[in-house]
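Read the structure below first, then the notes.
The values are calculated or read from the model by the stated rules, or taken from the named source; none is laboratory data. This structure is a prediction, so every number in the text was calculated from the model and none was measured. Cβ: placed from backbone, ideal geometry, glycine included. Neighbour counts: every protein chain shown.
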Amino acid sequence: MIYIELRKQILNSAVPAGSIVSEQILAERLSVGKAPVRVAIRRLASEGFLTIEPRRGIRITEQSVQDVLDLFQVRILMEQLVVRQIAGKLSRLQIDRLRQNREELRVASMELDIDKLIESDFGFHRLLAEFHANKQLVWMLDRTLDSLYREVRSSMHVRNRASESLGEHEKIYEAIVSGDADEADRCMVAHVQCGQRFVMSRGKNCVFQLS
């Protein structure tokens, strides 16, 4: 699907943020006609991945520092709500899915595959939102994580934070499974704030602390 491929190329910076392209350039890049590219462009524009500028072309959205800070702030609020309301309420199948995700993140960390690392890391948070079962919240968290993908990916090139993130996920997991909503909240906030500091510092050390 053209939308999925173009979205993927924007997220992994194959089409760099801030660049200006045209339907023709994208069609040639994807080896397809302009019509399906036009449909994909409209959808991606509605999702904030790009803007259509008359007489100039298509500009790939570039995040400002404030944009990134705002996204992390919104993310914290959503994820606090999720862990508080699912703590102690997961089914055996849901717990098994979290364990499987943990193993996927561990393997990706060993292989140092950046894209798999981020997919597994974000997958943990998406699973928690899915278990909450609020479709609008799942949609909003998906959008937020997608908007942060490029920033997280560029930081991962500087320093691999996967082992730290895996440990933080474990603390969140244990608190949720044990039914300790307050601990799950504290661990989630500390985890996301640590990720924010990591991204904003472009990969410098981040110490996991409970506030």
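Considering only the stretch 1-34, state which residues are under 16 Å from SER147 (Cα atoms) and assigned to a loop (DSSP other than H, G, I, E, B). Once the filter is applied, which keeps residues that are under 16 Å from SER147 (Cα atoms) and assigned to a loop (DSSP other than H, G, I, E, B), the stretch 1-34 yields ASN12, SER13, ALA14, VAL15, PRO16, ALA17, GLY18.
In the stretch 84-120, what residues are among the aliphatic types (A, V, I, L, M) and outside any helix (DSSP H, G or I)?
If we filter the stretch 84-120 for residues that are among the aliphatic types (A, V, I, L, M), which is where we start, we get 86-87, 90, 93, 95, 98, 105, 107-108, 110, 112, 114, 117-118.
Listed by number, the residues that qualify are ALA87, LEU90, LEU112.
Could you please tell me which pairs satisfy a Cβ distance under 8 Å, a separation of 6+ or placement on different chains, a first residue in the stretch 114-137 that is over 9 Å from VAL82 (Cα atoms), and a second residue that is acidic (Asp, Glu) and at pLDDT 95 or above? Sorted first by the residue in the stretch 114-137, then by its partner, the pairs are HIS125/GLU79.
I want to confirm something. Restricting to the stretch 139-178 and keeping residues that are in a helix (DSSP H, G or I) and among the polar types (S, T, N, Q), which single residue is surrounded by the most Cβ atoms within 10 Å (Cβ to Cβ)?
Our first condition is that a residue be in a helix (DSSP H, G or I); within the stretch 139-178, this holds for 139-156, 162-178.
Keeping just the survivors that are among the polar types (S, T, N, Q) gives 144, 147, 154-155, 163, 165, 178.
Numbers: THR144: 19, SER147: 21, SER154: 15, SER155: 20, SER163: 12, SER165: 23, SER178: 12.
Across the stretch 139-178, the extreme among qualifying residues is SER165.
Select from the stretch 37-50 the residues that are surrounded by fewer than 16 Cβ atoms within 10 Å (Cβ to Cβ) and without any contact (Cβ under 8 Å) to a residue 40 or more places away in the chain and list them in ascending order. Result: ARG38, VAL39, ARG42, ALA45, SER46. Of the residues making up the stretch 1-49, those that are of a type in the set (Lys, Arg) and touching a helix residue (DSSP H, G or I) at 6+ places or on another chain (Cβ under 7 Å) number 4. Does GLY123 meet the test of being modelled with pLDDT of 95 or more and on the phi < 0 side of the Ramachandran plot? Judged against the criteria, GLY123 is a match.
Taking first residues from the stretch 184-199 that are surrounded by fewer than 22 Cβ atoms within 10 Å (Cβ to Cβ) and partners that are aromatic (Phe, Trp, Tyr) and assigned to a helix (DSSP H, G or I), the Cβ contacts under 9 Å between residues at least 6 apart in sequence or on separate chains come to VAL192/PHE72; GLN193/PHE72; GLN196/PHE72.
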